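Here the structure comes first, spelled out in structure tokens, and everything after it is commentary.
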């Protein structure tokens, strides 16, 4: 296996670090005093209502916003605020836009997949190996390679677009609503693949993911940490467990819904008068506690006897 | 998707000015006549007078001048190329420099300037028209002016809808271009800064996906228009019919007058041939 | 009443996207049409108001046949259609013009248009955005403008073709609320969706799989009897927990209310 890591050895120890970042656009503050560290090898979800500053934060991380105050550290070094700075950041970051299938620009599936690799000057052999490895993961067959992307189905196009970003093996992958408008089974399948990749399923080491989503169920299911933006402020940057199970009032404050399973957990706590402590905020663990509470309810009061 | 605020081409700017209130038909006819006159102009004093007229129009629109100049930015490469073309290929006697078969002549440079000047004199009032007229009103104006053609089975109504859609989708398509360029850059493509042609070549691979997405949009839009019972566009009611007021007529007369003055200046007061 | 009788449609012969589909939708119903990506459900929406004409069988709405061009026009007046992409169905350059456009098409007298625009803006809560251009609106607001443009035409029947799929949760909830309001006012609602919790708001489900209609019945039975996974779908939370916690009675979208009442019943 060709090891591509040697080419991009920065950001290995310390990941991405924002210190006291403020951004103004057209005179209005869009981001205010943001302190955020993306731990290497973690899945961080970025949530907040439309207009909370999510896309500005992402653009900043990509080095596309030159005017900001505060510091942006990459691998223990401050990031330069010019073309050079961006040139350093770009190869480190993979970015999956919303509806990425609309941004496919090459004439064949193979060219689309290999674009990023060609741009950084990989050899034909390396490119072929990388493509062979990528295809089965995303359920694309080799016969498709020489076809035009236009002939693929909607779901295939989405997977091709995402595969074309992952193939470059970026250290940080930013996903902006990657599952929007997919049917439920395709959505779960795609998230599973992304999770696998992040955990190091395709490489030997875990990768960092910044995941933007409106679906709190997915956020609670997959995140290690959650960054919550509200009116340009970072309201919380916590582990998913802590935010969803212990500090959920912050979500309410930011106008975000709770995952349905956690709402049910709260409701069951109210009904039973007991505090249910699930082992994580993932749905299976939450529902396990909920089920226990429901199975031990007695009579109309529903208060479990052994607790009183 | 509030990112297209920077888009200025063909955009309507809400202001309260005489030009905004003017009937679109008068504005369209005025613009056409002015453009024809510009083509006929022959002397430096004619060009100067026309420049004064254009400046007055721009000022009357109460739209900041910066808006017009930013609107010209996308055209800058075309203007520069025009200038270069005439500088290099223009014929003349007064040779400033020559490299092999290329000659730079004073006449060539002057010709280049004259043509760029002419282009500007035509584009600026045109953007004053789109800047002061809501697209729908503009289309309505065109439609009424072209009405006689519908007797010859020209689909005038559909043409006017086409104009509205074209203006409506300029920001959308520019946004699309921006996103595709961003997608390429996000995957490591970096256009070289020094070579102006690399910026041009960057656009060629963008054209394919742009064409695809525009076709998709066009399909969707056709469905949306049909779903709202547009039919062939005939026999629709008109919510706000255009009515010529007295001040519209007076403005029209003023326009005619100034165009006549322009021609007089050009023909009779000309001393320097441009 | 909308009647599909053995309707078939294909873009290329031999590759049918809709196969022999028959159903009847009565006045005042609230129907969901579901299916995985590429099951043919969007084509069904276009067949309903004559945007596409059936290649086999017939589509009839209140005695008007969609295959007859004149009658198709009448059908389009009566059946409004809201599409998936908010950007691609905004035809004009501001919200008011967008509503006016359809009204001019169906020859509403000029003096009535202003009043209709006002009430349509009010119905979708966009009064403050009457003059806003499309790029000044969020996706959800654009979609509400599209709904306003449809509702101003006073349709008896509205089809929402995956109209919520590109919206954030807030926009989605607002649109769902509008659907329910319109349904209460007696308008027939058909929604095409793959959000299963939206299905619970309706009274009847049509499931399309590989171009064929494979299920027609109430949501409760749909979630109980149909192997959803095989169709690319999943049970909504409200149904799943009802089953897992052994709740009795029918599943509804309001699982919280149901939980409270189930807790106290043995």
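Things worth noting here:
- Of the criteria (1) at pLDDT 85 or above; (2) assigned to a helix (DSSP H, G or I); (3) more than 14 Å from chain A (Cβ to nearest Cβ); (4) crowded, with 17+ Cβ neighbours inside 10 Å, which one residue B:253 fails: (4)
- The range A:107-145, subset part of a loop (DSSP other than H, G, I, E, B) and farther than 22 Å from residue A:158 by Cβ, residue nearest to the other protein chains (Cβ to nearest Cβ): A:120
- Residue within the range A:110-129 that is under 20 Å from the mean Cα position of the chain (by Cα) and closer than 15 Å to residue A:165 by Cα present: no
- Residue match in the range C:13-36 (condition: out of contact with any strand residue (DSSP E or B) (no Cβ under 9 Å at 6 or more places or on another chain) and under 28 Å from residue C:233 (Cα atoms)): yes
- The condition (being within 14 Å of chain A (Cβ to nearest Cβ), in contact (Cβ under 8 Å) with a residue 60 or more places away in the chain, surrounded by 14 or more Cβ atoms within 10 Å (Cβ to Cβ) and in a helix (DSSP H, G or I)) is satisfied by just one residue among B:130, B:172: B:172.
- Among the residues of this structure, residue B:200 does not count as one that is more than 11 Å from chain A (Cβ to nearest Cβ) and modelled with pLDDT of 85 or more.
- Here B:55, B:79, B:75 are screened, and the one residue that is in a helix (DSSP H, G or I), closer than 24 Å to residue B:128 by Cα and without any contact (Cβ under 8 Å) to a residue 12 or more places away in the chain is B:55.
- For the range C:204-235, a residue qualifies if it is part of a loop (DSSP other than H, G, I, E, B) and either free of Cβ contacts under 8 Å to residues at least 24 places away in the same chain or surrounded by 15 or more Cβ atoms within 10 Å (Cβ to Cβ) (or both), and the qualifying residues are C:211, C:218, C:226, C:227, C:232, C:233, C:234, C:235.
- Total residues in the range C:255-264 satisfying the condition of being in contact (Cβ under 8 Å) with a residue 12 or more places away in the chain and more than 8 Å from chain A (Cβ to nearest Cβ): the figure is 2.
- Residue C:53 vs. criteria at the interface with chain B (Cβ under 10 Å from one of its Cβ atoms) and either crowded, with 22+ Cβ neighbours inside 10 Å or not in a helix (DSSP H, G or I) (or both): no
- Check on residue A:40, buried (at least 17 other Cβ atoms within 10 Å of the Cβ), farther than 30 Å from residue C:141 by Cα and touching a strand residue (DSSP E or B) at 6+ places or on another chain (Cβ under 7 Å): yes
- Residues that are away from chain C (no Cβ under 14 Å) and under 24 Å from residue A:291 (Cβ atoms), drawn from the range A:240-267: A:240, A:241, A:242, A:243, A:244, A:245, A:246, A:248
- Subset of the range C:242-254 (residues that are surrounded by 15 or more Cβ atoms within 10 Å (Cβ to Cβ) and within 8 Å of chain A (Cβ to nearest Cβ)): C:245
- Residue list for the range A:15-37, filter: surrounded by fewer than 16 Cβ atoms within 10 Å (Cβ to Cβ) and either at pLDDT below 90 or under 13 Å from residue A:172 (Cβ atoms) (or both): A:25, A:26, A:27, A:28
- Here the range C:65-82 is the region considered, the condition is being surrounded by 24 or more Cβ atoms within 10 Å (Cβ to Cβ) and either in a strand (DSSP E or B) or at the interface with chain B (Cβ under 7 Å from one of its Cβ atoms) (or both), and the residue that is modelled with the lowest pLDDT is C:76.
- One residue alone among A:196, A:204 is surrounded by fewer than 18 Cβ atoms within 10 Å (Cβ to Cβ), away from chain B (no Cβ under 14 Å) and part of a loop (DSSP other than H, G, I, E, B), and that residue is A:204.
- Subset of the range C:91-102 [at the interface with chain B (Cβ under 7 Å from one of its Cβ atoms) and either touching a residue at least 12 places away in the same chain (Cβ under 8 Å) or assigned to a helix (DSSP H, G or I) (or both)]: C:93, C:97, C:100, C:101, C:102
- Residue B:224 fulfils the conditions (1) within 14 Å of chain A (Cβ to nearest Cβ); (2) crowded, with 16+ Cβ neighbours inside 10 Å; (3) within 30 Å of residue C:73 (Cβ to Cβ) except for a single criterion, (1).
The values are calculated or read from the model by the stated rules, or taken from the named source; none is laboratory data. What you are looking at is a predicted structure, and each value in this text was computed from that prediction instead of being measured. Here Cβ is always computed from backbone atoms with ideal geometry, including for glycine, and neighbour counts include all displayed protein chains.
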